Amino acid sequence: MKIVRFISISCKESTQLSTKKLEQKLSWKEAILLQFHILICTPCRYFQQQVNAIHSSIRNLISNDKILNTKLSEEKKIDMQAALNKAQSEIPSN
């Protein structure tokens, strides 16, 4: 039972490692901990599959030259800035 506690991580740690894995290589210990958790935790396995699918889709969009060469019109930039300013002003201050 002590071994299971040693190699178990929480779902929160699993999601952190799943997203970290997208940006950098995990250490061997992190990779083993994540793999073990994914084997026994179905929701985290689904989460990792979804994160990977989203990451792959975004990477495919970015690699498309049309997306990279598209620029917003000045009118759209002004509209976006106004929407951001409005949303920011609606945030309650503590």
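Applying a threshold of 6 Å to beta carbon distances and a minimum spacing of six or more residues, or different chains, the list of pairs starting in the range 46-66 at a residue that is at positive phi and ending at one that is surrounded by 10 or more Cβ atoms within 10 Å (Cβ to Cβ) and modelled with pLDDT of 95 or more is empty. With respect to ILE62, is the statement that it is under 16 Å from LEU22 (Cα atoms), modelled with pLDDT under 90, in a helix (DSSP H, G or I) and among the aliphatic types (A, V, I, L, M) true? Yes: the conditions hold for ILE62. Would you call GLU75 modelled with pLDDT of 90 or more and surrounded by 12 or more Cβ atoms within 10 Å (Cβ to Cβ)? Spelling it out, it is not the case that GLU75 is modelled with pLDDT of 90 or more and surrounded by 12 or more Cβ atoms within 10 Å (Cβ to Cβ). Contact map, the range 17-41: first residue under 26 Å from ARG59 (Cα atoms), second residue assigned to a loop (DSSP other than H, G, I, E, B), Cβ cut-off under 8 Å, separation 6 or more or different chains; pairs are LEU17/ILE9; LEU17/LEU26; LYS20/LEU26; LEU34/ILE9; LEU34/LEU26.
The values are calculated or read from the model by the stated rules, or taken from the named source; none is laboratory data. Here the structure is a predicted model, which means the values were calculated and not measured. Here the Cβ is made from the backbone with ideal geometry for all residues, glycine too, and neighbour counts use every protein chain on show.
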